[in-house]
Amino acid sequence: MMMMTEMAVALHLLQSYGQTPSRVNFSLRRTSRQAENGAVRPRIRWAALTVTLLGVCVAVAGQNQDRDTRGVPKTSANAPAPEARIDINHATVDELLKVPGMTASWAGRIVRFRPYRTKDDLLERGVVTSTVYDRIKDYVIAHRDKQ
């Protein structure tokens, strides 16, 4: 916008005073650079600040990438021993109802959609909701073979 205004003024001067286009062009170039430099410097500062903040965010996000979660147990510390858990592949509806937080309808769905590779299949296959899974995950286990 500023450049167009300066060009309009230069054309007016050219018509009014009969100056040659090269002199007008030279003066326009010098003023436009000064005006452009004044506007570009804050933009460069903001761009440098933005790039720096982006780099910091990427570095902070990258800190969690090297964490090893393979050794973290999937059950809580107060969960019963694996032998005391109820096998979702072989238990009856009545046995599943002994699990705290289990209802008859959820137990029926677990029996209906067998077999399971792991207890996570209950959630991944949509057999139970995440809230139900969080309540029962410490009390169930999925054995693949007959016990």
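For the stretch 82-141, the gyration tensor built on C-alpha atoms gives a rounded shape. Its axis ratio a/c (a ≥ b ≥ c) stays under 1.5. In a reduced charge model with +1 at each Lys and Arg Cβ and -1 at each Asp and Glu Cβ, the stretch 85-147 shows a dipole moment near 120 debye about its Cα centre. Modelled spin labels at residue 40 and residue 144, positioned 7 Å past Cα toward Cβ, are 6.5 nm from each other.
Quickly work out the residue 135-to-residue 63 label distance, labels modelled 7 Å from Cα along the C-beta direction, and quote it in nm with one decimal. According to this spin-label approximation, the distance is 3.8 nm.
All of the numbers you see were taken from the coordinates with simple rules; none came from a lab. Just so it is clear, the model here is predicted, and its values are computed rather than measured. Note: ideal-geometry Cβ built from the backbone for every residue, glycine included; neighbour counts use all protein chains shown.
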